[in-house]
Amino acid sequence: MSPLLHDIRVLDFGRYIAGPYCAAMLAEYGADVIRIEKRDGSEDRFPGQVGGGVGALFLQMNRNKRSMTLDPASPDGREIVAQLVKSADVVIANLPEAALKAMGLDYETLRGYRADIIVVTNTAFGTTGPMSHQVGFDGVGQVMSGAVYMTGQPDEPYRAIVNWVDFATATHCAFGTLAALMQRAKTGEGQLVSGALLATALAINNGALIEQAVAKPNRVPTGNRGQISAPADIFRTRDGFVLVSVVGQPLYKRWARLMEPEAGDPDWLLDPRFATDDQRGAHGELIGARMRRWCATRDRDDVVRILGDAMIPCGPVLSPQQALDHPQVAALGLLQDTDYPGLPSPAPIAAVPLWMSATKPVERRRPPTLGEHTDAILADLGYDEGQIADLRARSVV
């Protein structure tokens, strides 16, 4: 059976995460994704070097893609873009609107080459409003959504080191791309799909915003301790840390039954202070103190096992190396060892974290080296060897 997206071609002008990961998700299910970079490599190729002249995130973002180099703003480059778009279904470019227009990658220009093209873009702040002309990375979404304010301590907010806004934006854009392809199959019409980092972060943190708008609790950060249920925190064990998250009456009852009675303990089940999640959250420090004492006398793995057997959500706090070595991580089969020229060992690049009973991803292909497929792609467009050599001599590709 052919891969789901085997007849879809995607031009990936994206940078860093939000655009390229969207394209990677499509490539995983069979789309022919052409990654298009500057002649000396785009800036997102290099941070976090692991070998072979590339960084770790670049390897993650660009598996299963082909690579060509191109200056799309040059006259000959614009002609190549036109030919590429005529052969493509989707163009992904997470660049500011002004940059897209300057490079001839804006929707109006691209639809002139192919009327039913689907163009997928995302920006930092959206296309309207006082900050719409500004640029930004993942962190701007985190800080402006209220999420960072509520993370850390009252006098020291912390952003998440993981780029969750970028990845969630990419996932939403992949959803939008598939929806646009379905719409085109019905109507024959292409469209513009637009995302924004700030919009993604606001959507993910919407629950906290709803609570503030309606109930106005004016919450302040409490470190790792949750505020709308308890126990919900990271607790120290004899040899490490665990996260415990108890939400809802059935889970709370199971937790209370595990706590051996101690002198001075309240009745965890009958005390009216602990009657609901919100009330337990308000008294989270008292409940958490009992959990800390319980965890402090046990090893980390024993805590995870006991709580797991009681069907209480719990997980060990793992370092990156411990995550790589953990048997549950290995059992998922998500991290696929992938060779790349110059790496001292294969890179454990994650697949799309999704399993479907009938629709399968394609076999993993390594990320491309810079411009690895330029000649072959141009030849497919009708350029002969002499023309390709001339384009290269004139720094078009």
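Just so it is clear, none of the values below were taken in a lab; they were calculated from the coordinates. Here the structure is a predicted model, which is why all the values come from computation and not from measurement. Cβ: placed from backbone, ideal geometry, glycine included. Neighbour counts: every protein chain shown.
Using the Karplus curve 6.51 cos²θ - 1.76 cosθ + 1.60 with θ = phi - 60°, what ³J(HN,Hα) values do you get for each residue of the range 80-96, in whole Hz, with x for Gly and Pro?
In residue order, the calculated couplings are 5, 4, 4, 5, 5, 5, 4, 9, 10, 10, 9, 10, 10, 8, 8, 10, x Hz.
Positive end of the charge dipole of the range 31-165 (Lys, Arg +1 and Asp, Glu -1 on Cβ, about the Cα centre): tell me which of Asn122, Phe137, Pro75 has its Cα farthest that way.
Positive-most Cα among the choices belongs to Pro75.
First select every other residue whose beta carbon is under 12 angstrom from the beta carbon of Pro361; then total the charges, Lys and Arg +1, Asp and Glu -1.
+2
Could you give the nm distance between label points at Thr187 and Ala203, where each point is 7 Å from its Cα heading toward the beta carbon?
So the label points at Thr187 and Ala203 sit 1.9 nm apart.
Using a Förster radius of 22 Å, what is the FRET efficiency between Glu285 and Ile234 based on their Cβ-Cβ separation? Nearest 0.05, please. Intermediate values should be presented prior to the final figure.
Details: r = 14 Å, r/R0 = 0.63.
E between Glu285 and Ile234, to the nearest 0.05, is 0.95.
If you take the square roots of the eigenvalues of the alpha-carbon gyration tensor of the range 66-106 and sort them as a ≥ b ≥ c, do you get rounded (a/c under 1.5), prolate (a/b over b/c) or oblate?
On the way: a/c = 1.56, a/b = 1.20, b/c = 1.31.
Judged from the Cα gyration tensor, the range 66-106 comes out oblate (a/c at least 1.5, b/c at or above a/b).
With just the Cα atoms defining each centre, how far is the range 2-64 from the range 249-264? Give it in Å.
If you average the Cα positions of each part, the centres end up 49 Å apart.
Can you list the HN-Hα couplings for the range 242-250, worked out from phi with the Karplus curve (6.51, -1.76, 1.60; θ = phi - 60°), rounded to whole Hz and with x for Gly and Pro?
In residue order, the calculated couplings are 9, 9, 10, 9, 10, 9, x, 4, x Hz.
Would you compute, for the Cα atoms of the range 175-323, the largest minus smallest coordinate along each principal axis and list the three values in descending order, in whole Å?
So the three principal-axis extents are 72, 42, 26 Å.
Work from the charge dipole of the chain (Cβ charges, +1 for Lys and Arg, -1 for Asp and Glu, about the Cα centre) and give the residue of Tyr158, Gln279, Ala330 farthest towards its positive end.
The residue sitting most towards the positive pole is Gln279.
How high is the FRET efficiency between Ala213 and Ala379 when r is their beta carbon distance and R₀ equals 56 Å, given to the nearest 0.05? All intermediate terms of the calculation are to be shown ahead of the outcome.
Working: r = 57 Å, r/R0 = 1.02.
Result of the calculation: an efficiency of 0.45.
Provide the per-residue ³J(HN,Hα) series for the range 383-397, in order, calculated from phi with Karplus coefficients 6.51, -1.76, 1.60 and θ = phi - 60°, each as a whole number of Hz, with x at glycine and proline positions.
7, 8, 4, x, 5, 5, 4, 5, 4, 5, 5, 9, 6, 7, 10
Can you give the net charge of the other residues whose Cβ lies under 11 Å from the Cβ of Thr200, counting K and R as +1 and D and E as -1? Could the numbers behind the result be given before it?
Numbers: positive: none; negative: Asp138, Asp166.
Taking every other residue near Thr200 into account, the sum is -2.
Once you measure Cβ to Cβ distances between cysteines in the chain, which Cys have no partner under 4.7 Å?
Cysteines of the chain left without a disulfide-compatible partner: Cys295, Cys314.
I'd like the distance between the alpha-carbon centres of the range 187-245 and the range 376-393, rounded to an integer number of Å.
Value for the Cα centre distance between the two parts: 50 Å.
Compute the acute angle (0 to 90°) between the alpha-carbon long axis of helix 300-309 and the principal axis of greatest extent of the alpha-carbon atoms of the chain; round to the nearest 10°.
It is inclined by approximately 80 degrees.
What's the local net charge at Ser74, with K and R +1, D and E -1, over the other residues with C-beta under 12 Å away?
Working: positive: Lys38, Arg39, Arg78, Arg394; negative: Asp71, Asp76, Glu79.
For residues surrounding Ser74, the net value is +1.
For the chain, what is the mean residue ellipticity at 222 nm derived from helices alone (per DSSP H run of n ≥ 4: -39500 (n - 2.57); sum divided by total residues; nearest 500 deg cm²/dmol)? Kindly include the intermediate steps, with their values, before the conclusion.
Numbers: 17 runs with 158 residues, N = 397.
For the chain, the value works out to -11500 deg cm²/dmol.
Would you mind getting me the FRET efficiency between Lys253 and Ser132? Use the beta-carbon distance for r and R0 = 51 Å, nearest 0.05. Don't jump to the answer; show the numbers that get you there.
Working: r = 50 Å, r/R0 = 0.98.
For Lys253 and Ser132, the calculated efficiency is 0.55.
For the range 1-92, rounded, prolate or oblate, judged on the Cα gyration tensor with a ≥ b ≥ c (square roots of eigenvalues), a/c < 1.5 rounded, else prolate if a/b > b/c?
Oblate, since a/c reaches 1.5 and b/c is not below a/b.
Fully extended, how many nm does the chain gain between Ser395 and Arg292 (0.36 nm per residue separation, minus their Cα-Cα distance)?
Numbers: separation 103, 0.36 × 103 = 37.08 nm, distance 6.31 nm.
Here the segment from Ser395 to Arg292 would lengthen by 30.8 nm.
Run the Debye formula on the Cα coordinates of the chain, all scatterers equal and no solvent, and tell me log10 I(q)/I(0) at q = 0.10 1/Å.
The Debye formula, applied to the Cα set alone, gives -0.80.
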